[in-house]
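Got a structure here, written out as structure tokens. Questions coming.
The numbers here are math on the coordinates, done by the rules we state, and not lab data. Only a predicted model underlies this, so the values are computations on that prediction, with no experimental measurement involved. Don't worry about glycine lacking a Cβ; one is built from the backbone with ideal geometry, like all the others, and counts go over all protein chains shown.
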Amino acid sequence: MASSKMDSHQLELFAQEFFAALRPSGKPAPPAQPLFKAPPAPPRINLPAPPVGPSDPPLKRIVLGQHVVEYALRRSSRRSIGFTIDDDGLRVTAPRRVTQIDIDNALRAKGRWIVTKLLERGERREQRQQRAPVEWKDGARLPYLGGEIVLRLEDAERSHCQFDEASRELWIGVVPGLSEWQLKERVKLWFQAQAKRVFVERLDHFAPRLNVAYSAFALSSAGSRWGSCTVGGSIRLNWRLIHYPPALIDYVVAHELAHLREMNHSPAFWATVAEVYPDYDGARLALRKRSHEMPVLFEE
């Protein structure tokens, strides 16, 4: 008596014939489609990352929106997680007791702001790289206090540097064998001397009007910050501001002095700035625009 049960081979043949009958004649079976598609890898576009030295720990990485963000993490005794974004990317400072999960959550909470700022920095860096550098030769035009001065080079037995206010010419004595980097350094020292003179004058002008007193002043060479102020009253101003119009220098000076009354960027702080510099919004936009257009004089 024949068994009514089909073995596995017969069952497989039956299934093939059954599904073949369901398909239109002569058409191959469509390729199987996966149930789930893996999301595309987030792009990394124009997002600067901090440089890493041989002795530095590797960068951390997190996905924020559609971007992969790399950042440097430093542990400290501070009480909260802090973020710093400059032309070199994102740096995070966190208390030693905080877990990596807490740090990741804090980064995601500020994700939109972080990505926006990093994109702005990346675009700014690309624009700066595309600007043609100044040619260091006689007749070169250099930015100074919102205008231009002319570089004049003359052969000399001893190096000298003298500015002619009437003709707006900066005369440099070129000794035999003077290299370009030495010439640039000589001009840079002149710019820094002028910056120190102008900045002190403007600090002393605005401080009494805000009823504050700073304890110390120094020049800064920061790549992306125009100024800083400490709780102890020490103010630092970027010497490159000497290339910009006096009105923009005044804005940065007023901004830092206002921090002596409000160590934040709250509405109370901006109200303090407005006491001596009402158009601070216009100055901020102008400073950003001009920084994108400024020719490259010295490597940062």
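Two-decimal Rg/Rh of the range 135-223 from alpha-carbon positions, Kirkwood Rh?
Over the Cα atoms of the range 135-223, Rg/Rh equals 1.08.
Taking the Cβ of R152 as the centre, find all other residues whose Cβ is under 10 Å away and add up their charges (Lys, Arg: +1; Asp, Glu: -1).
Charge balance in the 10 Å sphere: -4.
Translational D (Stokes-Einstein, µm²/s) of the range 60-130 at 4 °C and 1.567 mPa s when Rh comes from the Kirkwood sum over C-alpha pairs?
After rounding, the answer is 102 µm²/s.
For the range 141-293, what mean projected area does the convex hull of the alpha carbons give, in nm²?
Dividing the Cα hull surface by four gives the mean projection, 10.1 nm².
Past the 22 angstrom mark, what percentage of all C-alpha to C-alpha distances in the range 74-172 do you count?
58 percent
Please state the shape class of the range 227-300: rounded when a/c is under 1.5, otherwise prolate if a/b exceeds b/c and oblate if not, all from the C-alpha gyration tensor.
Oblate is the answer for the range 227-300, as a/c is 1.5 or above yet b/c matches or exceeds a/b.
Below 13 angstrom from the Cβ of D104, what's the summed charge of the other residues (Lys, Arg +1; Asp, Glu -1)?
Counting the neighbours of D104, the net charge comes to +3.
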